[in-house]
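Data block below; observations after.
The values are calculated or read from the model by the stated rules, or taken from the named source; none is laboratory data. These numbers come from a predicted model, not from an experiment. We place every Cβ from the backbone using ideal geometry, glycine too, and count neighbours over all the protein chains shown. Ligands, DNA and RNA are stripped out before the accessible areas are found, and what is left, the full protein with its side chains, is counted by its heavy atoms. Shrake-Rupley method; radii C 1.70, N 1.55, O 1.52, S 1.80 Å.
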Amino acid sequence: MDFMKDNYGAASALAPFAVYFSLHNGRSDTRASLRRHLSNMKGMYADDHALSLMLEQEDVLLYEFHELGIPESPGNLAFGTSIVYPGKIGEEYFMTKGHFHTILDTAEVYYCIGGKGLMLMENPEGEWEVQEFTPGRAVYVPGRYAHRSINTGTEPLITFYVFRADAGHDYGSIETRGFRKIAVERDGKPALVDNPKWHA
Ligand SMILES: O=P(O)(O)OC[C@H]1O[C@H](O)[C@H](O)[C@@H](O)[C@@H]1O
Ligand SMILES: [Fe+2]
């Protein structure tokens, strides 16, 4: 993303600018997206066997997001769109990795543009929360909460996000033990159940 940093010049001294994101598919034609495939999510779904079977067929694109490379200074805002594709691994819906912010007490807002899903949140004290994503709903993720977007629908889940640019991403405990809850399909409907891999 260095080429984008060059466009911005000196950190924390941004000139006004605008970016177009499609309301239809969330994509920007002028900015690159970062993509996460099945192979980037090994061990993060409850059903490892289902993941490896799927991977033998194809390294499916699970989600992508536009990250603009805004300089990470406290006065700046990082923003972009996130697109989680529909699908399941075993009975678990496609989702983002999820992360805490390195500066734990920094919040984030997600505005749903399209699709259907959940924002799953959990703080270090073990309190967890979930909010629904449907077009037009803005979800406020307070500081201290790890957050993961989950697509429980049949169309791409498209959100626009904004957070303090120096917040940082902390994947550590999410990558090793996950969230306390996972979102699975039960009787054709989404349900939150205990994560069998979670441990204290
Ligand atoms: O970083 P992940 O948990 O894989 O999620 C992917 C991305 O999702 C959203 O768009 C967030 O605002 C980004 O900061 C994040 O990096
Ligand atoms: Fe975040």
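Can you pull out the residues in the stretch 96-121 that are more than 14 Å from ligand 2 (Cβ to nearest atom) and either without any contact (Cβ under 8 Å) to a residue 40 or more places away in the chain or aliphatic (A, V, I, L, M) (or both)? Across the stretch 96-121, the qualifying residues are I113, L118.
What do you reckon, is I103 assigned to a strand (DSSP E or B) and either more than 9 Å from ligand 1 (Cβ to nearest atom) or more than 13 Å from the chain's Cα centre (by Cα) (or both)? It is false that I103 is assigned to a strand (DSSP E or B) and either more than 9 Å from ligand 1 (Cβ to nearest atom) or more than 13 Å from the chain's Cα centre (by Cα) (or both). When residues in the stretch 80-98 are screened for being crowded, with 19+ Cβ neighbours inside 10 Å and within 11 Å of ligand 1 (Cβ to nearest atom), 8 of them pass. Just one of (1) open to solvent by 60 Å² or more (accessible area, probe 1.4 Å); (2) without any contact (Cβ under 8 Å) to a residue 60 or more places away in the chain; (3) within 30 Å of A13 (Cα to Cα) fails for L53. It is (3).
The stretch 144-194 holds no strands (runs of 3 or more DSSP E) entirely within its bounds that carry 3 or more residues that are surrounded by fewer than 17 Cβ atoms within 10 Å (Cβ to Cβ) and touching a helix residue (DSSP H, G or I) at 6+ places or on another chain (Cβ under 6 Å). Scanning the stretch 121-143 for residues that are open to solvent by 20 Å² or more (accessible area, probe 1.4 Å), of a type outside the set (V, I, T), part of a loop (DSSP other than H, G, I, E, B) and farther than 21 Å from N195 by Cα yields P135, G136, R137, P142. Residue pairs whose Cβ atoms lie under 8 Å apart, separated by 6 or more positions or on different chains, with the first residue in the stretch 124-139 and touching a residue at least 60 places away in the same chain (Cβ under 8 Å) and the second open to solvent by 50 Å² or more (accessible area, probe 1.4 Å), are V130/L192.
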